[in-house]
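J.: Following this message is one structure expressed as C-alpha cells.
The values are calculated or read from the model by the stated rules, or taken from the named source; none is laboratory data. Because the structure is predicted, anything quoted here is derived from the model rather than measured. Quick reminder, even Gly has a Cβ in these numbers, built from the backbone with ideal geometry, and neighbours come from all protein chains shown. We work out accessible area using only protein heavy atoms, side chains counted, and drop any ligands, DNA or RNA first. Shrake-Rupley method; radii C 1.70, N 1.55, O 1.52, S 1.80 Å.
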Amino acid sequence: MKKPEREPLKKPEKKVDQISKLPTPKRDTELRQVWRHLKRNRLAMLGMGILLIFLVCAIFAPFLTPYDPIRADFGNTLQDPSSEHRLGTDWLGRDVLARIIFGSRISLAIGLISVSIGLLIGVPIGALSGYYGGKFDLIVQRLIDILIAFPGILLAIVIVTVLGVGVENVMIAVGIASIPIYTRLVRGSVLSVKEQGFVAAAKSLGIGDGRIILRHIMPNCLGPILVQSTFQVATAILWAAGLGFLGLGAQPPDPEWGAMLSRGREYIRTAHFLTTYPGSAILLMVLGFNLLGDGLRDALDPRSRRYR
Amino acid sequence: MYGYVIRRLLLAIPVLIGVSILVFAIIRFIPGDPARAIAGVHASPQYVEQVRREMLLDEGLHVQYFVYMSNLVQGDLGRSALTRRPVTVELMERFPNTLILSAAAMVIAITFGMSAGIVSATKRYSLFDNFSMLAALVGVAAPVFWLGIMFQLLFSVRLGWLPSGGIGTWQHVVLPALTLGLATTALIARITRSSMLDVLRQDYITTARSKGLVERVVIYKHSLKNALIPVVTVMGLQFGTLLGGAVLTETVFSWPGIGRLMVDSILNRDYPVVQGAVLLLAVFFVLINLVVDVIYAYLDPRISYGTKEVD
C-alpha cells in the first residue's frame with residue numbers, strides 16, 4: 001500500500017528538474033532565437049563552416065603555406081599537382097594553393113568593403129526617402145530608376161571605366177552599383193514600419209525625426225538589411241571576379257581569383273588546374289554566403305521556413 | 001489596359017533621359033581631355049581639334065548635351081576611335097548576336113527551370129527535388145565565366161562534341177547559351193518551386209481536388225498561371241543579369257556580341273563605342289522591363305490599371 005503513495009511523490013520532483021534546465025524567458029533574446037533557428041539549419045551551418053575556413057585562410061595566410069604567392073620560381077613552372085604543390089604551379093612557377101589562400105583576402109575584402117559602401121550610402125538615403133516621402137522621395141526614386149536601368153555588373157563596368165582599373169576602384173564601383181538595392185529595400189521596410197503604432201506614439205511624445213528613425217524604425221529594418229547584405233557580399237564577389245576576369249579589376253601579380261582564371265585559360269589544354277581551382281574557390285565562397293543568407297532569411301522570417 | 005501601357009511608356013521616358021545623361025557623362029568624367037577621349041589615344045592633333053569643334057566641347061555642358069542628344073535622335077553615336085566607322089554600324093552588326101545568345105539562354109532557363117520547379121514542387125522532398133535544388137544552389141553560385149571555361153574543357157577539349165568558340169552554326173550557340181542560362185535556370189527553378197508550393201496550399205486547389213479533378217488538370221490549369229506571377233517578375237529582372245552575364249560569356253566564347261565589343265573598347269580606350277554599347281544595353285533593359293510589367297498586369301487580374309498602381 002505504501003509503494004504507490006511514494007511513486008507519485010517522485011514525479012513532480014523530476015518535472016521541476018526538467019523545467020529548471022530550460023532557459024529562463026528573460027535570457028531568450030531575439031538574437032538567441034535567430035541563432036537557435038540558424039543552428040538547426042544544416043545548410044546554413046555548412047555555409048558558415050565554408051566561410052569560417054576562408055576567414056581563417058585570409059587571416060592566417062602566411063602561416064598556412066610556405067610559398068610566396070607573388071614571387072616567380074622559373075625552375076618550377078606549370079607543375080602538375082603533387083605532394084609538394086597540392087594544386088600545382090602556374091606559368092611563373094608560383095604555387096596555386098598559396099595564391100588561392102592569399103586570394104581569399106582580396107575577395108573577402110572586396111565583398112565586405114563594397115557592401116559597406118553600399119550600406120553606408122544606400123541605407124540612409126532609403127530611410128530618409130521612405131520616412132519623409134514627398135518630393136525628396138520622388139526625386140530619389142527616379143534617380144534610383146536610372147541606376148537600375150543598368151544591369152548590375154554593367155553599372156560596375158561603367159564606373160570602373162571612368163575611375164580606372166584596380167582593386168580599390170572595383171570596390172567603389174561594386175559598392176556604388178549596390179546602392180539602389182539597399183535604397184529600395186530600406187525604403188520599403190521604412191514605409192511599412194512607419195505606419196505602426198509605436199512610431200505614432202513616439203511622434204506624439206515629441207521625439208525628433210532623427211531619433212525616431214534611428215531608435216524606433218531602423219532596428220525593425222535590420223533583419224532584411226542583414227539578409228540582403230549577406231547575399232550582396234556573394235554578388236559583389238562574383239562581380240569583382242568578373243571584372244578581374246575581364247582585366248578591369250585586380251592587376252598582375254595580385255592573386256585575385258578572377259584574374260588568375262583569366263590568365264590560366266591560356267593553359268586550359270595542358271594545365272586545367274589553373275582555372276578549375278580558382279573558379280572552385282569563387283564558387284565555394286559565394287555558395288557559403290548564399291547558404292548563410294538563405295538560413296538567416298528563414299531564421300528571421302518564420303513564414304519562409306515552410307519552403308525548406 | 002492600353003491606358004496602362006501608355007502610362008508605363010511615359011514613365012520610361014524620364015528614365016531613358018537619365019540614362020542618356022549618365023552615358024553622356026562617362027566621357028566627361030574620365031580624367032583628361034574629352035576631345036582626346038572621343039578621338040582616341042592615337043588620333044592626330046588635327047582630328048582631335050576637329051572633334052572638339054564638331055561636338056562644341058569648348059562650350060558649356062548643357063550645349064554639349066544638346067549636341068549629343070540631337071545627334072542621338074538622328075541615330076548618330078559618333079565614330080569609333082579605333083576603326084573610324086560609325087558607332088551605330090558597329091553596334092548593329094553585333095547586337096543581333098547578343099540577342100540570339102540572350103534569347104537562347106532565356107529559352108533554356110525557362111524550359112528547364114520551370115520544369116524542374118514544377119516537378120520539385122509536386123514531388124516535394126523526393127530524390128529529384130533534393131538533387132535539383134542542390135544543383136540550383138550551386139548553379140547560382142558558380143561564376144558564369146568559369147562555367148563557360150569548364151564547359152569548354154569538358155565538351156570541346158575532352159569530348160570534342162562542340163566548338164569552343166566563334167559563331168556560325170547552331171552548335172556554336174549551345175555552350176554559350178548553356179553557360180549564360182544556367183544561373184537563371186537555377187533561380188527560376190527555385191522561384192517556381194516555392195511559388196507552386198504556395199499556390200498548391202490555397203483553398204481553391206483543395207476545392208479543385210475535392211471535385212475529383214485529375215492532378216494534371218489541377219496543376220496545369222488551376223495552379224500554374226497563378227504560380228507564374230512571381231516567376232515572370234524574376235524573368236524580367238533576370239534579363240538584366242543575362243545582359244550583364246553576356247559581357248562575360250561573349251568574352252569566354254569569342255562571341256561577337258555587344259558585350260565583347262564593349263570590353264574590347266574599354267581595354268582599347270575606344271570610348272565612343274563604350275558609350276554606345278552601354279546606352280544600347282540600358283535602353284534594351286528598360287524596354288524589356290516595360291514588356292514584363294505589361295505581361296505581369298495581364299497575368300495578375302488583381303493589378304488594376306488605374307493611376308494608383310502605376311505609381
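J.: Just to be sure I understand, how many residues within segment B:239-267 are more than 10 Å from every other protein chain (Cβ to nearest Cβ) and among the small types (Gly, Ala, Ser)?
T.: 2
J.: Is it the case, given these coordinates, that A:His272 is more than 25 Å from A:Gly164 (Cα to Cα), at the interface with chain B (Cβ under 10 Å from one of its Cβ atoms) and surrounded by fewer than 22 Cβ atoms within 10 Å (Cβ to Cβ)?
T.: Working: more than 25 Å from A:Gly164 (Cα to Cα): yes; at the interface with chain B (Cβ under 10 Å from one of its Cβ atoms): yes; surrounded by fewer than 22 Cβ atoms within 10 Å (Cβ to Cβ): yes.
Considered against the rule, which asks whether it is more than 25 Å from A:Gly164 (Cα to Cα), at the interface with chain B (Cβ under 10 Å from one of its Cβ atoms) and surrounded by fewer than 22 Cβ atoms within 10 Å (Cβ to Cβ), A:His272 comes out as yes.
J.: Could you give me the residue pairs with C-beta distances under 7 Å whose first residue belongs to segment A:136-163 and is at the interface with another protein chain (Cβ under 9 Å from one of its Cβ atoms), whose second residue is of a type in the set (Ser, Thr, Tyr) wherever it lies, and which are 6+ apart or on separate chains?
T.: A:Pro151/B:Thr241; A:Gly152/B:Thr241
J.: Now, a different point. Restricting segment B:225-260 to residues that are open to solvent by 10 Å² or more (accessible area, probe 1.4 Å) and among the charged types (D, E, K, R), which is nearest to A:Ile181 (Cα to Cα)?
T.: Only one residue fits best here, namely B:Arg260.
J.: Evaluate the following for B:Thr169: is it of a type in the set (S, T, N, Q), under 30 Å from B:Pro256 (Cα atoms) and surrounded by fewer than 17 Cβ atoms within 10 Å (Cβ to Cβ)?
T.: Details: of a type in the set (S, T, N, Q): yes; under 30 Å from B:Pro256 (Cα atoms): yes; surrounded by fewer than 17 Cβ atoms within 10 Å (Cβ to Cβ): yes.
Yes: the conditions hold for B:Thr169.
J.: Looking at segment A:234-265, which of its residues are away from chain B (no Cβ under 11 Å) and not in a loop (DSSP other than H, G, I, E, B)? Reasoning before the result, please.
T.: Pass one, segment A:234-265, residues away from chain B (no Cβ under 11 Å): A:236, A:249-256, A:259, A:263.
Within segment A:234-265, A:Ala236, A:Ala259, A:Arg263 meet the criteria.
Quick grid of which residues meet (1) in contact with a strand residue (DSSP E or B) (Cβ under 7 Å, 6 or more places away or on another chain); (2) modelled with pLDDT under 95:
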residue	(1), (2)
A:Arg42	no, yes
A:Met48	no, no
A:Thr65	yes, yes
A:Arg71	no, yes
A:Phe74	no, yes
A:Gln79	yes, yes
A:Leu97	no, no
A:Val115	no, no
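J.: Sticking with this one: Do any residues in segment B:221-240 that are in contact (Cβ under 8 Å) with a residue 60 or more places away in the chain and assigned to a helix (DSSP H, G or I) have Cβ atoms under 8 Å from those of residues that are open to solvent by less than 20 Å² (accessible area, probe 1.4 Å) and acidic (Asp, Glu), where the two are at least six apart or on different chains, and which pairs are they?
T.: B:Ile229/B:Asp300
J.: A:Gly293 fails exactly one of the following numbered conditions: (1) over 21 Å from B:Leu134 (Cα atoms); (2) in contact with a Ser or Thr (Cβ under 7 Å, 6 or more places away or on another chain). What is the number of that condition?
T.: Every condition holds for A:Gly293 apart from (1).
J.: Which number in (1) within 7 Å of chain B (Cβ to nearest Cβ); (2) of a type outside the set (Ser, Thr, Tyr); (3) open to solvent by 10 Å² or more (accessible area, probe 1.4 Å) marks the one condition that A:Ile282 misses?
T.: (3)
J.: If you don't mind, another one. Just need a number here: residues in segment B:2-49 that are over 23 Å from B:Leu61 (Cβ atoms) and under 26 Å from the mean Cα position of the chain (by Cα). Reasoning before the result, please.
T.: Start the filter on segment B:2-49 by keeping residues that are over 23 Å from B:Leu61 (Cβ atoms), which leaves B:2-12, B:41-42, B:44-46.
Then drop every residue that is not under 26 Å from the mean Cα position of the chain (by Cα), which leaves B:2, B:4-12.
So the answer is 10.
J.: Just to be sure before I move on: is B:Gly236 under 24 Å from B:Leu290 (Cα atoms), small (Gly, Ala, Ser) and away from chain A (no Cβ under 13 Å) in the structure I sent?
T.: Spelling it out, it is not the case that B:Gly236 is under 24 Å from B:Leu290 (Cα atoms), small (Gly, Ala, Ser) and away from chain A (no Cβ under 13 Å).
J.: Could you grab me the full set of residues in segment B:261-290 that are surrounded by fewer than 24 Cβ atoms within 10 Å (Cβ to Cβ) and closer than 18 Å to B:Ala105 by Cα?
T.: B:Phe284, B:Phe285, B:Ile288, B:Asn289
J.: While we're on this one: Only residues that are surrounded by 14 or more Cβ atoms within 10 Å (Cβ to Cβ) and farther than 16 Å from B:Asn71 by Cα: list them for segment B:37-48, please. Give the steps one after another, and end with the answer.
T.: As a first pass, look at segment B:37-48 and keep what is surrounded by 14 or more Cβ atoms within 10 Å (Cβ to Cβ): B:37-40, B:43, B:47-48.
Listed by number, the residues that qualify are B:Ala37, B:Ala39, B:Gly40, B:Ala43, B:Tyr47, B:Val48.
J.: Tell me yes or no: at least one residue of segment B:268-283 is over 29 Å from A:Ser262 (Cα atoms) and within 9 Å of chain A (Cβ to nearest Cβ).
T.: Restricting attention to segment B:268-283, the residues satisfying the condition of being over 29 Å from A:Ser262 (Cα atoms) are B:283.
Next, from what is left, pick out any that are within 9 Å of chain A (Cβ to nearest Cβ): B:283.
Looking through segment B:268-283, at least one residue is over 29 Å from A:Ser262 (Cα atoms) and within 9 Å of chain A (Cβ to nearest Cβ).
J.: Is there a residue in segment A:214-237 that is open to solvent by less than 10 Å² (accessible area, probe 1.4 Å) and not aliphatic (A, V, I, L, M)?
T.: Yes, segment A:214-237 has at least one match.
J.: Still on this structure, please answer the following. State the number of residues belonging to segment B:81-107 that are crowded, with 16+ Cβ neighbours inside 10 Å and in contact with a strand residue (DSSP E or B) (Cβ under 8 Å, 6 or more places away or on another chain).
T.: Start the filter on segment B:81-107 by keeping residues that are crowded, with 16+ Cβ neighbours inside 10 Å, which leaves B:81-82, B:86-88, B:90-91, B:94-95, B:97-98, B:100-102, B:104-106.
Then keep just the ones that are in contact with a strand residue (DSSP E or B) (Cβ under 8 Å, 6 or more places away or on another chain); that gives B:86-87.
Of the residues in segment B:81-107, 2 are crowded, with 16+ Cβ neighbours inside 10 Å and in contact with a strand residue (DSSP E or B) (Cβ under 8 Å, 6 or more places away or on another chain).
J.: Another question, then. State yes or no: is A:Ala201 in a helix (DSSP H, G or I), of a type in the set (A, V, I, L, M, F, W, C) and touching a residue at least 40 places away in the same chain (Cβ under 8 Å)? Outline the logic, then answer.
T.: Numbers: in a helix (DSSP H, G or I): yes; of a type in the set (A, V, I, L, M, F, W, C): yes; touching a residue at least 40 places away in the same chain (Cβ under 8 Å): no.
Criteria not met by A:Ala201.
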